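**Q** So that we are looking at the same thing, I have put the structure below in structure tokens.
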Amino acid sequence: MEFENYQSYNNKYGRLVQLEREEEMNRHMNEIKNLSGVERQNKGRAILGLRGKEQGREFGELIVKFVKDKGIPRNEISVGDLVMVSKNKPLDKDNPTGTVIESNKYTISVAFSGNIKKFIFGKGLRIDLYVNDITFQRMIEALENFKKADGRKKFLRDLILGKEKPNFKDASKLNFINKNLDKSQKEAVKNSLESEDIFLIHGPPGTGKTTTVIEVIEQHLKKGEKVLATADSNVAVDNMVDFLTNKDKKVVRVGHPARVTKNLREHTLDFIVKDNGKYKRAGNLREEVEELNKEQEDEIFPSGKNRRGLSNEEIKRLAKDNKSSRGLPPGKIKAMAEWIRLQDRINEMIEKAKELERKAVSEIIWDADVVCTTNSTAGGEILKGNYFGLVVIDEATQATEPSCLIPLQYANKIVMAGDHKQLPPTILNKEAQKGLSQTLFERLLKIYREEGNNIKYMLKTQYRMNKDIMQFSSENFYNSELKADKSVVNHKLDTRINSGEEILNPDNVIVFVDIKSNETTRNGSTSKENNKEVKKVKKIIDILLDKGITPCKIGIISPYDDQIDLLKKNIPEENIEIKTVDGFQGREKDIITLSFVRANSRGEMGFLTNLRRLNVSITRARKKFIMVGNKKTLENNETYRDLIEYTKNKGIIVED
């Protein structure tokens, strides 16, 4: 048994979360301290020379649009990110932080909550990508909450520790809501219903994992149970919302509207609550507060200098008696007393507005059939005190164990879905990697597989890849259980693209282009690049585009950041996705070109030896998979050697 008790579990994960939190904070603050603004801007984590103009309020937040005269440079700042704004002094403690709600080539709009009146927007501003500490705080809070668990929560906690055995019951004959489910999807749903405590759905690429998860949710709703559906990323949550809103169910998406896909914003709590009567009354109260704030401007603020040691009650008593005190004339005392009276009224109205807003939100959450949110946001005040018949975590193998604990603290039953043969969550701290890279999904699978409990079912029919692309992954990662559906088993590119080149021949579904080259390392970088591979990839892409292939059907992957940068410089077509393996997880394209980069006489392969990255790379391709790499270097690894041999048998090896 890995843990003697929950305290040892709490100690382990609490320490790992703190290590990762410090790493994340240090990463940004060290960059801000050690790099000039221009250097950080060149890395894409800051934007300089901005002008900020207030655009009014939306969802109770101040919206500021930032403009740069020559356009916004390429950066890593995306909609939903937390940013810090400064007047070119990013180390000042009072700089405001806000959430990016819109971004394009010319402007970035940011929503600010709280009181930031002292900060004057204008010229000479800087935006920095900033750490969001709230997720770490919520992980720690969830760990502490489980320490105090009792009753059903204690049982589930002990189940997570491996100290209890899961319970099962026979499910009655099911009437499936989605009539198009395949055999393995139906079996996964049935098994999930037979499990009374916890169940894991293993969904390899293209097997309809989310479709299966939605059916699990629907079946539990049919039993009258309320469902909380979460995932680590906003994209995965929105994917579930998109499926669920096509059904006749009350679905509420909790989270900042900026982080929600635009066409789903009508399902957000922020949108729905606007029609609630209590929320409208709260809005009226806040408008009255604004008027009272204006009235206060005509009175005297009782600062320390003005009040001269007098308490609020003393000031009000002196004003009532029209008396002076400590050198303060009656008129000044009256003006301060009026300011205090107005502030008392403001405080009272704000508290009343907050209470109305809390009640409005509670009504909507209570009335919802399904609440959808990220793991982190599930730890906010909105869901406190709620309890769900079922908690579903999609993409559970991309979330750390403490992240999963956040929604699980509300659960009566748990269903998690993911694929532990793809990439684990990204962990920055090297020491924390050892403990946080193994997800709760994997750990439970290991515990209960050893004890002979079948709490997992794998989906076996995939609807993405041609069989020749799929087969290598099926044999090497999925015990040869993965099968291609008849709709995709032989699908290929249109024969009209055949230019006489073997690489582009649609019949050659899987291709390896052997490049005689050498990798290089930029000064000051720990990443790798390979210029000869870039040139070959560009040539392939140019021909594909010339043959009429739509750019959005093409994806380019490389394991190395510097190679991605080089590819983007040489292939400027915006609609071709060029990303690292990590960035492409969850995506798919008709054509994937993979640049391996590594080419050296020592046979060193770096993190290419992380075979999960190889699995992700292969399984992104639907109709054609083109690998560009140095065969001699790659053949130093047994799996890559098998891949090259497999390609020779199922596709073609091209010597460049």
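The values are calculated or read from the model by the stated rules, or taken from the named source; none is laboratory data. In this text, all values refer to a predicted model and were calculated from it rather than measured experimentally. With ideal geometry, Cβ positions are generated from the backbone for all residues, glycine too; neighbour counts draw on all protein chains shown. Surface accessibility is based on the protein's heavy atoms, side chains included, excluding ligands, DNA and RNA. Shrake-Rupley method; radii C 1.70, N 1.55, O 1.52, S 1.80 Å.
**Q** Of the peptides 31-41, 631-641, how do they stack up when ordered by the mean number of other Cβ atoms within 10 Å, highest first?
**A** With the highest mean Cβ count within 10 Å placed first, the list reads 631-641, 31-41.
**Q** If amide hydrogens are placed 1.01 Å from N in the peptide plane, which non-local residues have theirs closer than 5 Å to the one on E577?
**A** Sorted by chain and number, the residues that satisfy this are I554, I556.
**Q** HN-Hα J couplings of region 505-520 from phi, Karplus 6.51/-1.76/1.60, θ = phi - 60°, integer Hz, Gly and Pro as x?
**A** Once rounded to whole Hz, the list reads 4, x, 5, 8, 5, 10, 9, 10, 9, 7, 9, 7, 8, 9, 5, 9.
**Q** Continuing with the same structure: Tell me the carbon and sulfur percent of the accessible area for region 82-177, rounded to whole percent, probe radius 1.4 Å.
**A** 49
**Q** Moving on to the next point. Would you kindly find the accessible area of L19, with a 1.4 Å probe and non-protein molecules such as ligands, DNA and RNA excluded, rounding to the nearest 10 Å²?
**A** 40
**Q** Follow-up. Over region 111-178, what portion of Cα pair distances is larger than 17 Å, expressed as a whole percent?
**A** 72
**Q** Then there is this: Leaving ligands and nucleic acids out of the surface, order E604, E24 by accessible area at 1.4 Å, largest first.
**A** E604, E24
**Q** Right, something else. Which of the GluC sites (Glu not before Pro) across region 451-485 are loop residues per DSSP, with 15 or fewer other Cβ within 10 Å?
**A** Those that pass, being in a loop and sparsely packed, are E451, E481.
**Q** When ranked by the protection proxy of mean other Cβ atoms within 10 Å per residue, highest first, what sequence do the peptides 327-337, 345-355 form?
**A** Packing order, densest peptide first, comes out as 327-337, 345-355.
**Q** At q = 0.09 Å⁻¹, what base-10 log of I(q)/I(0) does the Debye formula yield for the chain when every alpha carbon is treated as an equal point scatterer in vacuo?
**A** Scattering profile of the chain, log10 relative to I(0): -0.89.
**Q** How big is the dipole moment of region 256-297 about its Cα centre under a simple scheme where the beta carbon of each Lys and Arg is +1, that of each Asp and Glu is -1, and everything else is neutral? Debye, nearest 20, please.
**A** The dipole magnitude comes to about 400 debye.
**Q** Hey, what's region 15-87 come to in accessible area per residue, 1.4 Å probe, Å²?
**A** Per-residue value: 54 Å².
**Q** Oh, and also: Would you rank F607, F441 by solvent-accessible area, highest first, keeping every protein chain in place and using a 1.4 Å probe?
**A** Listed by decreasing accessible area, they come as F607, F441.
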